[in-house]
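Some notes on the structure that comes next.
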Amino acid sequence: MNLRTINVVVGVVVTLACAPDAAAQAWPARPVRIVMPFAPGGGADLMGRLFATRFTETLGQTFVAENRAGAGGLIGAEIVARSPADGYHVLVTTASLSVNVNLHRKLAFDPLRDLAPVSLLTSVPLVLVVHPSVPARSVRDLVVLAKQRPGGMNAGTNGAGTTSHLAIEMLKQAAGIDVVHIHYRGGGLAIIAMLAGEIDFRFTSVLSGMPHIRAGRTRPLAVTTANRSSVLPELPTLAASYPGVECDQWFAMFVPAGTPRDIIEKLQGESVRALALPDVRDHLIRDGAEPVGSTPEALAVFFRSEIAKYARVIAVAKVQAD
């Protein structure tokens with residue numbers, strides 16, 4: 001047997017020996033964990049469960065949705081960042097991640113270094129609403145009132161350092177107004193205060209704000225996204241009055257840094273396909289979320305820009321976390 005024949009035989013034997021192992025390594029070969037770093041019932045929870053269901057159907061393997069709440073979303077994010085980069089740990093999180101990078105000087109992990117972007121999933125606008133007793137029918141009206149009464153108007157938020165708070169700081173900085181920031185521990189308490197007339201205006205998500213808008217208990221003035229909302233198309237954008245003032249509660253998917261590129265691409269492709277399904281789109285839009293879907297590269301650029309944007313706002317306002 002000559003050398004060429006020996007090499008061919010050895011190659012065949014090695015290929016046959018490795019075939020079962022290669023098949024066993026095909027992703028996903030076992031259940032995948034999708035971590036939502038917030039309590040059940042919120043937007044991240046709903047988003048994570050939606051994709052867990054879709055991926056289970058399309059990829060033929062179980063995707064388990066798991067809530068790991070705490071520290072404004074940092075605990076769940078760190079769990080994924082510290083997990084093996086093997087495709088079996090996925091993070092579905094919100095804009096809070098780009099805020100927390102700036103609020104906390106010493107994080108236990110670096111989101112830019114330790115997490116790999118997969119796809120920007122959806123964008124949910126915040127809505128600027130006022131109590132019916134406030135005689136403002138537009139953003140400009142509200143600014144005029146605030147300037148007439150420096151420090152005499154109350155703005156409520158879901159907590160210091162939340163996107164609802166930073167939206168107020170962005171408006172204050174752009175419009176040059178002075179209002180009192182009253183922060184509550186969570187959106188529920190802020191809504192109660194708003195309905196009771198304890199605060200004059202606030203920024204709220206479309207999802208939690210719609211019931212009160214429809215009932216006339218609050219009056220909407222504008223949305224905070226770059227484009228108008230599909231749910232409230234009659235409302236102008238805040239940026240139409242103050243260019244550059246944009247703030248939304250986006251949702252995105254990340255995996256541990258170092259996750260194989262082919263797995264990231266598969267997750268990204270399945271995410272985009274899910275977002276294109278009519279029933280998924282209708283469900284998301286009905287809840288006030290605009291389906292996006294992006295490449296990992298586009299999310300990386302966007303994430304860095306969000307961190308830089310909030311860094312400026314937080315520095316000027318001297319915002320500190322609760």
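The values are calculated or read from the model by the stated rules, or taken from the named source; none is laboratory data. These figures come from a predicted structure and were not determined experimentally. Here the Cβ is made from the backbone with ideal geometry for all residues, glycine too, and neighbour counts use every protein chain on show. The protein model used for the area step is the full one, side chains on, heavy atoms only, and it has no ligands, DNA or RNA in it. Shrake-Rupley method; radii C 1.70, N 1.55, O 1.52, S 1.80 Å.
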All other residues with a Cβ under 10 Å from the Cβ of E78 taken together, and with Lys, Arg as +1 and Asp, Glu as -1, what is their net charge? +1
Could you point to the residue in I264, A289, A276 farthest towards the positive end of region 255-310's charge dipole, with +1 and -1 charges on the Cβ of Lys/Arg and Asp/Glu respectively? I264
With only helices counted (DSSP H, runs n ≥ 4, each -39500 (n - 2.57)), the per-residue ellipticity at 222 nm for the chain, to the nearest 500, works out to -14500 deg cm²/dmol
Shape descriptor, region 60-212: equivalent ellipsoid semi-axes (Cα gyration tensor, sqrt 5λ, whole Å, largest first) stand at 36, 17, 13
Check A116: other-chain or 5+ apart residues with amide H under 5 Å from its amide H, H built from backbone geometry? V255, A257
Connecting C-alpha atoms closer than 10 Å in a GNM of the chain, tell me which of T162, T93, T56 has the biggest fluctuation. T56
Label-point separation in nm, R312 to R149, each point 7 Å along Cα→Cβ: 3.1 nm
If I require 20 Å or longer along the helix axis, counting alpha carbons, and a Kyte-Doolittle average no lower than 0.5, what helices from the chain are left? Use full DSSP H segments. 3-24, 296-317
What does the accessible area per residue of region 19-164 come to in Å², with a 1.4 Å probe and no ligands, DNA or RNA counted? 40 Å²
Scoring region 214-257 by relative contact order with C-alpha pairs under 8 Å, at least six apart, yields a percentage of 31 percent
Carbon and sulfur: what percent of the chain's accessible surface (1.4 Å probe)? 57 percent
Over the chain, with a Gaussian network built from C-alpha contacts below 10 Å, which listed residue (N227, N158, N100) shows the highest mean-square fluctuation? N227
Between W250 and residues 5 or more places away or on another chain, the pairs with built amide H atoms under 5 Å apart involve A95, V124
When N is the residue count of region 191-274, what does its C-alpha Rg come to as a fraction of 2.2 N^0.38 Å? 1.52
Can you tally the net charge around L166? Count Lys and Arg as +1, Asp and Glu as -1, for every other residue whose Cβ sits under 12 Å from the Cβ of L166. -1
Here the tail fraction of P(r) beyond 26 Å, over all Cα-Cα pairs of the chain, rounds in percent to 50 percent
Using a Gaussian network model on the chain with a 10 Å cutoff between Cα atoms, which of A160, A289, A196 fluctuates the most? A196
For region 212-237 and region 150-164, distance of Cα centres in Å: 19 Å
